[in-house]
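What follows is a set of notes on a single structure, which appears directly below.
The values are calculated or read from the model by the stated rules, or taken from the named source; none is laboratory data. Everything numeric in this text was worked out from a predicted model, so none of it was measured. Glycine also receives a Cβ, built like all others from the backbone with ideal geometry; neighbour counts cover every protein chain displayed.
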């Protein structure tokens, strides 16, 4: 029998040197709960991940002899997991009164065992589209020059190359330069949500000094958007995806006429592939118009399926969570493949209250996929933001995923926008065809049958 992995606490000294304490065990955090990592959530730190020092936060560990939590003077350390991995716990630490607010990244619990780092995370997608370790930088830059040479007057192409590739090293933009996978199509300068963790624009009174990106400074024309799409189609010949709604813009549904005309131009000229829109899905009428124009898929970003949790973070302006639900239902009725870009936060997302709300949102409105993304935010900032809202105990990411799939067995799991052709083949129910009561009854019946077949000792 293999021995369980028991990671030690990881910390850093004042010079930034990272090391472990062999006498103290790794402690992780899920919302307001501290504890040891669960055996099924530990995995070796994936390639292309990063380690972060957490200033103003002191590392803590568990003394296995006494069972006491021990706080040192060393700096706490977190891991930023490579794409396709979802974090299941945050690092535990003691925060000083003058600790600075952490930048907008995801902070995973990390420990050290068997001569390597381990994190609390789960790989949710086998797609390698954002792995670049074997691609020389010169190849990306050569591809970027080819784009500019082919589209010399296209402002959108210039923005993607000059800002997204050269300035921000955006993975989607690098793939566009390489002529593979998914083409980013930023188009909107404005937004009707004021997300606490917006990565492209913060309000003047925000405690965040900087954002990871700057917002798009112009509005491309339908011709520019369609030209970029056609160019990408000519290079990515097998599985082209084109996506409105990127980190360097507001919400694309703020200008639906622009999107509709762009899609019509592309489709009428023989454009093929998956045309996708990443959005807060606040405008059902815009979603319907896009579906009629030739949209294939819609990815709806949210941090929660509970309206009060959603509104605390998204701070919607001129729309409600009911509009989001309506947009999803409209999309499904028009044959759109709907994904939820679920911004996962351990201790808030993986709870009973969230499971019920998410199952209802998925089943009642015809969601086809969950993209398990990490919420990029200071964990304490977000936890305090949700003060007063009951959450309940964490059930863990793995258990949450398993139970949601049992309630909604058609659900596809992943991390990236999938290629689903020009028109997706859907197995998600139409709005009105599914109910949680029926799903629960079916699940209870299946579990009872399984217990009878395997004996009373089986844990269903």
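Just a few scattered comments:
- Options 106, 79; residue that is touching a strand residue (DSSP E or B) at 6+ places or on another chain (Cβ under 6 Å), modelled with pLDDT of 95 or more, part of a loop (DSSP other than H, G, I, E, B) and not assigned by TED's automatic domain parsing to the domain that holds residue 417: 106
- Residues that are free of Cβ contacts under 8 Å to residues at least 60 places away in the same chain, part of a loop (DSSP other than H, G, I, E, B), out of contact with any strand residue (DSSP E or B) (no Cβ under 7 Å at 6 or more places or on another chain) and crowded, with 16+ Cβ neighbours inside 10 Å within segment 382-411 comprise 395, 408, 410, listed in sequence order.
- Residue 206 assigned by TED's automatic domain parsing to the domain that holds residue 281, out of contact with any strand residue (DSSP E or B) (no Cβ under 6 Å at 6 or more places or on another chain), in a loop (DSSP other than H, G, I, E, B) and closer than 15 Å to residue 278 by Cα: no
- Where residue 150 falls short, out of the listed (1) modelled with pLDDT of 95 or more; (2) surrounded by fewer than 16 Cβ atoms within 10 Å (Cβ to Cβ); (3) assigned by TED's automatic domain parsing to the domain that holds residue 319: (3)
- Test: residue in segment 73-86 that is surrounded by fewer than 15 Cβ atoms within 10 Å (Cβ to Cβ) and either free of Cβ contacts under 8 Å to residues at least 24 places away in the same chain or more than 17 Å from residue 125 (Cβ to Cβ) (or both): yes
- The residue that is farthest from residue 412 (Cα to Cα), counting only those in segment 100-116 that are more than 16 Å from the chain's Cα centre (by Cα) and surrounded by fewer than 20 Cβ atoms within 10 Å (Cβ to Cβ), is 100.
- Residue within segment 311-321 that is closer than 19 Å to residue 373 by Cα, in contact with a strand residue (DSSP E or B) (Cβ under 6 Å, 6 or more places away or on another chain) and part of a loop (DSSP other than H, G, I, E, B) present: no
- The single residue among 68, 125, 97 that is surrounded by fewer than 21 Cβ atoms within 10 Å (Cβ to Cβ), within 21 Å of the chain's Cα centre (by Cα) and at negative phi turns out to be 125.
- Positions within segment 115-131 being under 17 Å from residue 45 (Cβ atoms) and either touching a helix residue (DSSP H, G or I) at 6+ places or on another chain (Cβ under 7 Å) or in contact (Cβ under 8 Å) with a residue 60 or more places away in the chain (or both), in sequence order: 116, 117, 118, 119, 120, 121, 122, 123, 124, 130, 131
- Verdict on residue 198 being in a loop (DSSP other than H, G, I, E, B) and surrounded by 19 or more Cβ atoms within 10 Å (Cβ to Cβ): yes
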